[in-house]
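The values are calculated or read from the model by the stated rules, or taken from the named source; none is laboratory data. Just so it is clear, the model here is predicted, and its values are computed rather than measured. Here the Cβ is made from the backbone with ideal geometry for all residues, glycine too, and neighbour counts use every protein chain on show.
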Amino acid sequence: MRKIALALTLAAGCASASSETVKQDAAVKVVAAQVLPALKGDKLKATVLEVSYPPGGASSAHRHPCPVIGYILEGRYRTQVEGGPVTIYQRGDSFYEPANGVHQVSANASTTEPVRFLAYFLCDSDAPLSAPAP
């Protein structure tokens with residue numbers, strides 16, 4: 001946890017250092033906040049992926065070994081995790097997926113427009129970021 005706090009402090013310092021030279025105002029709003037499960041601090045690794053589905057595109061059922069926070073950049077994303085409700089997220093929305101939750105649905109909600117989102121993985125092992133669901 002100290003490593004994360006230090007990284008956030010350093011990032012904030014870099015942001016304020018660059019804002020002093022650029023002299024622009026910044027607007028900040030929380031788009032997601034999620035309590036995470038206990039993680040091993042000695043192997044923490046954050047990975048950010050950009051995921052795109054073409055119109056009508058989808059993935060087969062799968063799971064991730066660590067928690068994932070997503071942020072929709074464009075389009076509409078349809079998902080269902082662990083038998084929960086099917087949910088559609090659109091541009092500007094964020095979502096949370098618990099570690100090892102089975103993605104029964106992971107698809108573009110549109111047949112005419114692409115969808116693109118960022119997936120932030122916070123992992124404490126070297127396992128592959130995605131695996132087929134049994």
- prompt: What residue, among those in the stretch 68-101 that are in a loop (DSSP other than H, G, I, E, B) and modelled with pLDDT under 95, is nearest to residue 34 (Cα to Cα)?
  reply: 98
- request: Would you mention how many residues in the stretch 42-62 are modelled with pLDDT under 95 and buried (at least 16 other Cβ atoms within 10 Å of the Cβ)?
  value: 1
- prompt: Within the set of pairs 6 or more residues apart or between chains, which connect a residue that is closer than 23 Å to residue 117 by Cβ inside the stretch 13-35 to a residue that is modelled with pLDDT of 80 or more and surrounded by 10 or more Cβ atoms within 10 Å (Cβ to Cβ) with Cβ atoms less than 6 Å apart?
  reply: 31/94; 32/69; 32/94; 34/96
task: Give just the number: which of (1) touching a residue at least 40 places away in the same chain (Cβ under 8 Å); (2) surrounded by 13 or more Cβ atoms within 10 Å (Cβ to Cβ) does residue 132 not satisfy?
output: (2)
- prompt: Only one of (1) free of Cβ contacts under 8 Å to residues at least 60 places away in the same chain; (2) touching a Leu at 6+ places or on another chain (Cβ under 6 Å); (3) among the charged types (D, E, K, R) fails for residue 124. Which number is that?
  reply: (1)
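Regarding residue 33, is this residue at pLDDT 90 or above and farther than 23 Å from residue 134 by Cβ?
Numbers: at pLDDT 90 or above: no; farther than 23 Å from residue 134 by Cβ: yes.
It is false that residue 33 is at pLDDT 90 or above and farther than 23 Å from residue 134 by Cβ.
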- prompt: Has the stretch 43-58 got any residue that is touching a helix residue (DSSP H, G or I) at 6+ places or on another chain (Cβ under 9 Å) and touching a residue at least 40 places away in the same chain (Cβ under 8 Å)?
  reply: yes
statement: Within the stretch 72-88, residues free of Cβ contacts under 8 Å to residues at least 24 places away in the same chain and crowded, with 17+ Cβ neighbours inside 10 Å come out as 81
field: Restricting the stretch 102-134 to residues that are closer than 24 Å to residue 43 by Cα and part of a strand (DSSP E or B), the residue that is farthest from the chain's Cα centre (by Cα)
entry: 132
Of the criteria (1) buried (at least 16 other Cβ atoms within 10 Å of the Cβ); (2) modelled with pLDDT under 95, which one residue 127 fails: (1)
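Within the stretch 21-34, restricting attention to residues that are within 25 Å of residue 90 (Cβ to Cβ) and of a type in the set (Val, Ile, Thr), which residue is surrounded by the most Cβ atoms within 10 Å (Cβ to Cβ)? Step through it out loud before you land on a result.
Restricting attention to the stretch 21-34, the residues satisfying the condition of being within 25 Å of residue 90 (Cβ to Cβ) are 26-34.
Narrowing the set further to residues that are of a type in the set (Val, Ile, Thr) leaves 28, 30-31.
Numbers: 28: 6, 30: 6, 31: 10.
Checked the stretch 21-34; the qualifying residue surrounded by the most Cβ atoms within 10 Å (Cβ to Cβ) is 31.
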